[in-house]
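Structure first, commentary second.
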Amino acid sequence: MWLLIPILVYSLIFLYVRHIYSYWRRKGFPHENASLRWSFLRAIYQREFHYNEAINSYYEVGKERFVGIYCFFRPILMIRDLSLARTLMENQAGHFNDTRWDYIRSYRKYNLLEKLSPLFANSRLEAMFRNVEKVSDHLVNKLNSTSGSMTTAAAASIVASAADSDYCIVDMQQLLRIYAVNIIANLIYGLDIDVFKQTDSVFLQYSNSSFQRSGINSYTFSRLPKKSSLTYRLRDIVQQNVELREDGATIRKDVMQLLVKFRNGNDIEVREKFNWHIENVFEREKVISIKKVARIAEYLLENGITTIASTAVFTLYEILKQPELMEKVRNEINAAKAINGINEKQQPSHQLSYEQLKQMKLLDLCIQETTRKYPSVPTIERTCRKPYAIPNSKRTLNDGKSFVIPLLAIQRDGKYFQDPLAYKPQRFLHDSNGNPGEKFTEFGLGAKTCIAQNFVKLTVKQILVKLFSTYQMKLMPMSDFSVCYDDTPYIRSADGLRVGIKS
């Protein structure tokens, strides 16, 4: 009798596991062969602990537009076709929206991130541009101070004198990550601070903790809710800032100002004449709470740091690898300065305008090529909220099931891009017939998945222009160099991104 109990338990576990791993077969989807063979068990292990690399590797197996796979105990639909991926991401119609950002007003449900897209319109970014310039100056000041005082302990951690030249060697990966943190602190949280000087800043602590968490690659544990004491400290900063702005004590052209305007029901749509002043309303009339504003700011902090930093790092890395391309970039910057009447002897206050920065097409192409070759989000995953009939097929993805787009693999597929592993910004130029030379996905398949993509481009272009116009730079030898993809691409090396600079 007692022997029957473990037999019954094991039988139930076996039937449950078999039921899960037969899901795609039962639904009639193309699927991987789920069995107890070593190859399948190894694939499950890789997806659990090396998710992005495993998903992008499986892209090469088979040719179907979509295929059912398994991540531990979760059936997930992998999308292999670029046009289908675009359709899923751009025409969601309530099927794949992130429920975290739903809110109700006047008995209607809205997606908060879609409503906040005007925050990053070109006219808003132009108004914020001087603040972006100021943050880029912080990095230049840091480089100048560290290269001028090589004996300090702080400088020794990132800077060392090059023995065979006049160059000083810096870890640009570390510095550009701090620059990204500084951008978020100043433009999103609306503070006037220099994170390079405030080494105990909560923003740096948050950045370091999130970077350490990214090293834990468990698919299951990475999707559990995360909270820390830093979240509450960031919320206190937001609350204090919101109260100051609602009282009229602070008016500053940044994203926080627009968030507070939205909270008070003020118009944030793109207008020819826009008033940055906040019309404060009674608490019961507020559109969103301070807690929700803090959540939005933290979301932008977490995603903005990785996206800005990785895009800036790999754009700089690839440009420095090609001296001819670097010379073209310098010529474009010098041409813009010549139009503005700026020369090297003038004071730093003589800056390029937003429109002049926007007109630098070669840098735009370089950033586009970086986001193709090194997407800041290697995979995109969405959960279906209601049954979705997959276009040009007889299959339906049921609610509660997820699909994943292996963005890194798609953007390195020779079917969509010629010579995909080469860094060729010119691939995005139009051909003689006026048609785009290559298909392009850009920042997670477009604006509907990255509302802040214009903001990222602006901040990356600004710091690249600042670096190339201030310093002579070249790549230095790096030990154990490799590019890794956990949550975002980064250079794994004991030396980081070693760049030699001189004024």
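The values are calculated or read from the model by the stated rules, or taken from the named source; none is laboratory data. Source: prediction; values computed, not measured. Neighbour counts run over all protein chains shown; Cβ positions are idealised from the backbone, glycine included. All accessible areas refer to the heavy atoms of the entire protein, side chains included, with ligands and DNA or RNA removed. Shrake-Rupley method; radii C 1.70, N 1.55, O 1.52, S 1.80 Å.
Residues in region 40-64 that are under 24 Å from ILE405 (Cβ atoms) and either free of Cβ contacts under 8 Å to residues at least 60 places away in the same chain or of a type in the set (S, T, N, Q) (or both): how many? Break it down into steps so the answer makes sense when it comes.
Here is the first cut: in region 40-64, the ones under 24 Å from ILE405 (Cβ atoms) are 40, 42-64.
In the following step, the residues that additionally are either free of Cβ contacts under 8 Å to residues at least 60 places away in the same chain or of a type in the set (S, T, N, Q) (or both) were identified as 40, 42-46, 52, 54, 56-57, 61-64.
The total comes to 14.
Right, LEU41: farther than 27 Å from LYS415 by Cβ, outside any loop (DSSP other than H, G, I, E, B), aliphatic (A, V, I, L, M) and open to solvent by 40 Å² or more (accessible area, probe 1.4 Å) or not? Considered against the rule, which asks whether it is farther than 27 Å from LYS415 by Cβ, outside any loop (DSSP other than H, G, I, E, B), aliphatic (A, V, I, L, M) and open to solvent by 40 Å² or more (accessible area, probe 1.4 Å), LEU41 comes out as yes.
VAL293 passes every criterion in (1) part of a helix (DSSP H, G or I); (2) within 23 Å of THR459 (Cβ to Cβ); (3) touching a residue at least 60 places away in the same chain (Cβ under 8 Å) apart from (3).
Examine region 337-345 for a residue that is more than 23 Å from ILE178 (Cα to Cα), surrounded by fewer than 21 Cβ atoms within 10 Å (Cβ to Cβ), touching a helix residue (DSSP H, G or I) at 6+ places or on another chain (Cβ under 7 Å) and at pLDDT 90 or above, and state whether such a residue exists. For region 337-345, residues more than 23 Å from ILE178 (Cα to Cα), surrounded by fewer than 21 Cβ atoms within 10 Å (Cβ to Cβ), touching a helix residue (DSSP H, G or I) at 6+ places or on another chain (Cβ under 7 Å) and at pLDDT 90 or above: absent. With respect to the conditions (1) in contact with a helix residue (DSSP H, G or I) (Cβ under 9 Å, 6 or more places away or on another chain); (2) modelled with pLDDT of 90 or more, GLY28 falls short on a single one, namely (1). Scanning region 310-324 for residues that are open to solvent by 10 Å² or more (accessible area, probe 1.4 Å) and either touching a residue at least 40 places away in the same chain (Cβ under 8 Å) or under 11 Å from SER376 (Cα atoms) (or both) yields TYR317, LEU320, LYS321, GLN322.
Here's the yes/no breakdown for (1) polar (S, T, N, Q); (2) out of contact with any Leu (no Cβ under 8 Å at 6 or more places or on another chain); (3) at pLDDT below 90:
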| residue | (1), (2), (3) |
| --- | --- |
| PHE428 | no, no, yes |
| ASN435 | yes, yes, yes |
| LEU445 | no, no, yes |
| LEU458 | no, no, no |
| LYS461 | no, no, no |
| PRO489 | no, yes, yes |
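Which numbered condition trips up GLN351, out of (1) closer than 26 Å to LEU113 by Cβ; (2) surrounded by 19 or more Cβ atoms within 10 Å (Cβ to Cβ)? With (1) closer than 26 Å to LEU113 by Cβ; (2) surrounded by 19 or more Cβ atoms within 10 Å (Cβ to Cβ) applied to GLN351, the lone miss is (1).
Yes or no: TYR110 touching a helix residue (DSSP H, G or I) at 6+ places or on another chain (Cβ under 7 Å), assigned to a strand (DSSP E or B) and either open to solvent by less than 10 Å² (accessible area, probe 1.4 Å) or under 27 Å from ILE188 (Cβ atoms) (or both)? Answer is no for this residue. Scanning region 370-418 for residues that are touching a strand residue (DSSP E or B) at 6+ places or on another chain (Cβ under 8 Å), within 17 Å of ARG74 (Cβ to Cβ), part of a loop (DSSP other than H, G, I, E, B) and open to solvent by 10 Å² or more (accessible area, probe 1.4 Å) turns up THR379, GLY400, LYS401. Every condition in (1) assigned to a strand (DSSP E or B); (2) without any contact (Cβ under 8 Å) to a residue 12 or more places away in the chain; (3) under 18 Å from SER402 (Cα atoms); (4) not basic (Lys, Arg) is met by ILE69 except one, and the failing one is (2).
Flag: ARG235 does not match the condition of being at pLDDT 85 or above, in a helix (DSSP H, G or I) and within 17 Å of the chain's Cα centre (by Cα).
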